[in-house]
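Read-outs throughout are calculated quantities, based only on the coordinates presented, and are distinct from any laboratory measurement. Since the structure is predicted, the reported quantities are computational estimates derived from the model, not experimental observations. Note that each Cβ is placed from the backbone with ideal geometry, even for glycine, and that neighbours are counted across all protein chains shown.
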Amino acid sequence: NSGVSWSLSTLPEPSEINALMVVDAAVYVATDHGLYRSTDSGATWERHGRGVPTGPVYDVVADPGDSKRIYVGSELNNRVYVSRDGGASYDPLPESGFVGRRPRRLAFGPGGRLYLATGYDGLFSRTP
């Protein structure tokens, strides 16, 4: 209906949503209470991100060349976490020059380069 009507999708707890991503058949939301995932178009949600500390998550992005590779920017520990198995588990990326800076936004650019915008200190990039 061209966006005339919308339906509410409620997370398990009230949360500020920082980012939203849809990949394959899953919807991911990065919130101030952690990462959530829905596999039924938002009818139900599960806390997601085994390996990502529970707390504010700023962004979530999938590698456009490999949708099983998902990156999450977490406020706790100010780290970027990566899943190589479609989100079943996450590991911290090796620290690479942005230690102690808040990973606010993640994006992929030309050549598969991963870009990271921090809260205060600028823009960083790396080859994943």
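Just to verify a number: FRET efficiency for ASP85 and VAL4, C-beta to C-beta distance, R0 = 41 Å, to 0.05? Could you put the intermediate results ahead of the total?
On the way: r = 39 Å, r/R0 = 0.95.
Once rounded, the FRET efficiency stands at 0.60.
May I ask you to list the GluC sites (Glu not before Pro) in region 43-120 that are in a DSSP loop and have at most 14 other Cβ atoms within 10 Å of their Cβ?
GLU95
Give me a comma-separated list of calculated 3J(HN,Hα) values for region 115-120, in order, Karplus coefficients 6.51, -1.76, 1.60 applied at θ = phi - 60°, integers in Hz, x for any Gly or Pro.
9, 10, 9, 9, x, 9
Just for the Cα atoms in the chain, what are the lengths along the principal axes, largest first, rounded to whole Å?
Computed over the chain, the largest-to-smallest principal extents equal 44, 30, 28 Å.
Percent of Cα-Cα pairs per 10 Å bin, from 0 to the last occupied bin, for region 2-55, please list those.
Spelled out bin by bin, region 2-55 gives 23, 55, 18, 3 percent.
Whose amide H sits under 5 Å from the amide H of ALA19, counting only residues 5 or more places off or on another chain, with H placed in the peptide plane?
It is ALA30, by chain and number.
So between TYR120 and GLU16, what do we pick up on full extension, going 0.36 nm a residue minus the alpha carbon distance?
35.4 nm
Please state the relative contact order of the chain as a whole percent: Cα pairs under 8 Å, 6+ residues apart?
15
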